[in-house]
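Below is one structure, written out as structure tokens; the observations come after it.
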Amino acid sequence: MKKQFLLLLLICASFASRAQYGINAGFLKPSSDFGYIFKPAASFGLVYYLTTLDERFQTSLAASFSSFTPRQDTFFSYGVQSGGSGTFYLPAYDVWHSYYMLSGRVQGDFLILDKDFTPTIGYGLFANNTMYNHDGVLQTAVSSSEIGSDVFLGYMLKAGLLYRINDTFQFKINAGRVRAKSFTTGVKSPYYLIEFEFAIDFDEL
């Protein structure tokens, strides 16, 4: 996880030499099976704008980090064992020690009104790198401990509000549902995202 976090800092430092960038803070609420396992989490990150803040259609790159906490200490399930005596269902359980997500995305926002305060609609294309520590036990006879990672690709359609001050400072809030799917296993990890963003155009200072 430390290597990924250092990589994020290096990327963000390169963005800092540009004219328009910002910070964001979000609230993630997992849904479906993802929501059964994990509680809502906060996210924090940086944004680099590919367009200036005075444009009607704004595009940007964003990177953020989140840490999820499981809803229970142990999740009970079952396993299947087949043999000459037939098929048996055996008790099993899972334990999630940690689950981190480093999210990168390309996003666009269209300003519905050509004013400093306006509703917005937009999209986000996500690549989420997850890092986790997980134990699985089947009737205490079979145990597996896994420290690994996975990549989820997804998209979001969003709506929000934007307030701009003299083409220099910009506040934005938007919300939507991220539909993400594992690139390798096909497992889905959808979540609702509410995000606050503050951006500065340093050319206008």
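Annotations for the structure displayed:
- Subset of segment 17-40 [closer than 15 Å to Ala175 by Cα and crowded, with 19+ Cβ neighbours inside 10 Å]: Asn24, Gly26, Leu28, Pro30
- Single residue of segment 52-68 satisfying the filter (in a strand (DSSP E or B) and not hydrophobic (A, V, I, L, M, F, W, C)) that is farthest from Gly35 (Cα to Cα): Gln58
- Subset of segment 41-53 (residues that are out of contact with any helix residue (DSSP H, G or I) (no Cβ under 7 Å at 6 or more places or on another chain) and surrounded by 15 or more Cβ atoms within 10 Å (Cβ to Cβ)): Ala41, Ser43, Gly45, Val47, Tyr49, Leu53
- Identity of the residue in segment 140-172, outside any strand (DSSP E or B) and free of Cβ contacts under 8 Å to residues at least 60 places away in the same chain, that ends up nearest to the chain's Cα centre (by Cα): Asn166
- Just one of the listed residues (Val137, Val106) is over 27 Å from the mean Cα position of the chain (by Cα) and assigned to a strand (DSSP E or B), namely Val137.
- Qualifying residue in segment 115-122 (condition: part of a loop (DSSP other than H, G, I, E, B) and either under 23 Å from the mean Cα position of the chain (by Cα) or not aromatic (Phe, Trp, Tyr) (or both)): yes
- The residue pairs whose first member lies in segment 54-76 and is within 25 Å of Gly160 (Cβ to Cβ) and in contact (Cβ under 8 Å) with a residue 12 or more places away in the chain, whose second member is among the hydroxyl-bearing types (Ser, Thr, Tyr) and surrounded by fewer than 16 Cβ atoms within 10 Å (Cβ to Cβ), and whose beta carbons are closer than 9 Å, counting only pairs six or more residues apart or on different chains, are Phe57/Thr51; Gln58/Thr51; Gln58/Thr52; Thr59/Thr51; Ser60/Thr51; Ser67/Ser98; Phe68/Ser98.
- Considering residues of segment 146-170 that are surrounded by fewer than 19 Cβ atoms within 10 Å (Cβ to Cβ) and of a type in the set (S, T, N, Q) only, the residue modelled with the lowest pLDDT: Asn166
- Residue tally, condition over 16 Å from Val137 (Cβ atoms) and under 22 Å from the mean Cα position of the chain (by Cα), over segment 55-95: 13
The values are calculated or read from the model by the stated rules, or taken from the named source; none is laboratory data. Because the structure is a prediction, the values reported are computed rather than measured. Counting neighbours? That spans all protein chains shown, and the Cβs are built from the backbone with ideal geometry, glycine included.
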